[in-house]
Amino acid sequence: MLFKYSRIAAIVLSGFAVAGQSAGVWAETAAPVLLAQAVPVHPAIPSGTPHPPIPPQEREGKVTVDPAAKFTHFRVGNKNVKSIYLDGTVVWVGTSGGVVRYDTKDDSFKLFDARNGLLSNGMFFVGRVKGKIAVGTYGGGLSLLVDEKAGKWKTYNIPEGLGDAFVYDVVTASNGDIWIATWSGVNRVRGGNLDDRSKWDLYTVENTKGGVPNDWIYGLAEGKNGDIWLATEGGMARFANNKWENWNHARGLGAPYEKVKDAIAFKNDPGKQSSHHAKQKQEMGLQGVDVAYNPNYVVSLEVDKQGGIWAGTWGGGLSRFDGKKWVNYTTTDGLPGNHVFMLHQDDKGRLWIGTNNGLTYLQEGNKFAKALTTTEGLFANNVFAMGSNAKGDLWVGSFGGVAHLRPAN
C-alpha cells in the first residue's frame with residue numbers, strides 16, 4: 001500500500017472544510033474551526049449519521065493542518081473539483097464554485113470567483129499561461145491573474161478571438177503556440193500572442209471538413225513530435241504537419257459495449273437529458289444503448305514519456321494509441337472503473353488513472369496497481385482531478401472535496 005491514513009482535526013477553509021476521516025467516518029474528536037473563531041466541538045458521530053453542518057465559509061484566511069497526518073480532507077460543499085495545479089508550495093484548486101489558492105507553507109488560503117474579478121464561478125482548467133496563473137471557466141472565458149497581490153485578472157473571451165466562453169483546457173506547445181479547448185472548437189494562438197487578434201485561429205468540424213470530429217473539446221496534449229492531440233465528444237484528433245486525422249470507436253477507440261455492459265456504473269443515459277447527446281448517439285449508432293456509455297466521448301487525455309497517447313472514455317475504459325492501433329483496457333484488465341475521468345503523469349513518469357471507482361496507476365507491463373479508494377484516504381471514489389509533487393504527495397479531487405495523501409515514510 002502506498003499510503004497510510006490516520007485521524008486529524010476538521011477545519012473550514014474558503015470553500016473547503018478540512019476533515020480527518022478514518023474508515024469513512026469523522027474522527028470522534030473532530031473539532032471544526034472557522035479561521036481563528038472556535039465553534040462547539042461535535043460529539044462522536046455514529047456510523048451512518050449525516051455529517052454536521054459546515055460553518056459559514058470565509059473567503060480568505062488561515063487554517064491549522066497536522067503535517068504528521070497521513071491524509072487531509074478539504075470539503076468544498078456541493079461542488080465538483082475539476083482541476084488541481086501544484087505550483088511550488090501553492091496548490092490551486094478549481095471547483096464549480098471558484099478557484100482556491102492554498103499555500104501549504106503557511107496554510108493561508110484565498111478564494112477567487114465572480115465576486116473578485118472572474119466572470120464565472122465554474123472552473124475547468126487551472127495552470128500557468130504566459131507565466132501567469134490562468135483559469136479556463138464555465139462561461140467566463142480564459143482569465144489570467146496578471147497581478148496576484150492585487151487580485152487583478154485579465155480575461156480573453158469571444159471578442160478577443162476565443163471560440164467559446166467555455167474553456168476546458170489550455171496547452172502551451174513547445175513552439176510557443178497556445179492551444180485552447182472550447183465547446184465550439186479549438187483555438188490556436190500562434191506564437192502565444194494573446195493580445196494580437198490576427199494570431200488567433202479557430203478549428204471546427206466545419207472548417208476542417210471533419211478533421212476535428214466534434215466541436216466539444218475536453219482535453220489537449222502535445223505529442224512526442226510536437227503533434228497536438230485533442231480529446232473530443234466525437235473521438236480523438238491529431239494535428240500534425242498542418243493536417244488533421246481522427247479516430248473514433250469504429251477505428252478502435254474504446255471498448256465495445258458487450259465487453260463493459262455489465263460494469264457500467266451510471267445508468268442515466270445522457271441522450272435522454274439533451275437533444276445534443278441524443279443526436280450524437282444517433283450519429284454514432286448507439287440508439288440501442290440506454291446507459292452512460294459512449295466510447296467516442298473522450299474526457300481525459302495524457303501523453304506518456306514514451307510518446308504513447310492515453311485516452312479516458314465515458315464507459316469504454318482506457319485506450320492507448322501506439323502510433324498504429326488502439327489498445328483498450330477495462331475492469332476485466334484490472335481497471336477500477338470504466339469511466340476514466342482523469343489522467344495524470346507524475347514527476348517519475350508514472351501514469352495515474354482516476355475513475356468512477358477509485359484511483360490507480362500503471363505498472364510495468366501495463367498492469368494496474370491496486371486501486372486507492374476512500375479506505376486509503378480518498379475523499380470519494382470518483383476522481384476528477386489530481387496534482388502531485390516530487391516528494392510523492394498526491395492531491396486528489398472528487399465531487400465534494402479534495403484529499404491530500406502524504407507518502408508513507
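The figures follow:
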| item | result |
| --- | --- |
| Strands (runs of 3 or more DSSP E) wholly inside the range 136-184 that include at least 1 residues being β-branched (Val, Ile, Thr), in contact with a Leu (Cβ under 9 Å, 6 or more places away or on another chain) and open to solvent by less than 10 Å² (accessible area, probe 1.4 Å) | 167-172, 178-182 |
| Residue check, Thr104 polar (S, T, N, Q), touching a strand residue (DSSP E or B) at 6+ places or on another chain (Cβ under 7 Å) and open to solvent by less than 40 Å² (accessible area, probe 1.4 Å) | no |
| Meets criteria (touching a strand residue (DSSP E or B) at 6+ places or on another chain (Cβ under 8 Å) and crowded, with 22+ Cβ neighbours inside 10 Å) for Gly254 | yes |
| Any hit, the range 378-386, residues being of a type in the set (A, V, I, L, M), under 18 Å from Val298 (Cα atoms) and open to solvent by 50 Å² or more (accessible area, probe 1.4 Å) | no |
| Count of the range 156-178 residues which are over 14 Å from Val126 (Cα atoms) and either of a type outside the set (D, E, K, R) or at pLDDT below 95 (or both) | 13 |
| The lone exception for Tyr361 - which of (1) in contact (Cβ under 8 Å) with a residue 24 or more places away in the chain; (2) within 19 Å of the chain's Cα centre (by Cα); (3) open to solvent by 20 Å² or more (accessible area, probe 1.4 Å) it fails | (1) |
| Count - residues of the range 217-238 that are more than 16 Å from Ser300 (Cβ to Cβ) and not in a loop (DSSP other than H, G, I, E, B) | 2 |
| Residue within the range 302-314 that is open to solvent by 30 Å² or more (accessible area, probe 1.4 Å), over 21 Å from Asn225 (Cα atoms) and touching a strand residue (DSSP E or B) at 6+ places or on another chain (Cβ under 6 Å) present | yes |
| Single residue of Gly400, Gly392, Gly337 found to be assigned to a loop (DSSP other than H, G, I, E, B), open to solvent by less than 30 Å² (accessible area, probe 1.4 Å) and farther than 21 Å from Val298 by Cβ | Gly392 |
| Residue check for Asp196: at pLDDT 95 or above, more than 18 Å from Glu233 (Cβ to Cβ) and surrounded by fewer than 17 Cβ atoms within 10 Å (Cβ to Cβ) | yes |
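The values are calculated or read from the model by the stated rules, or taken from the named source; none is laboratory data. Since the model is a prediction, treat every value here as computed from it, not as a measurement. For neighbour counting, all protein chains shown are included, and Cβ atoms are generated from backbone atoms with ideal geometry for every residue, glycine included. Ligands, DNA and RNA are stripped out before the accessible areas are found, and what is left, the full protein with its side chains, is counted by its heavy atoms. Shrake-Rupley method; radii C 1.70, N 1.55, O 1.52, S 1.80 Å.
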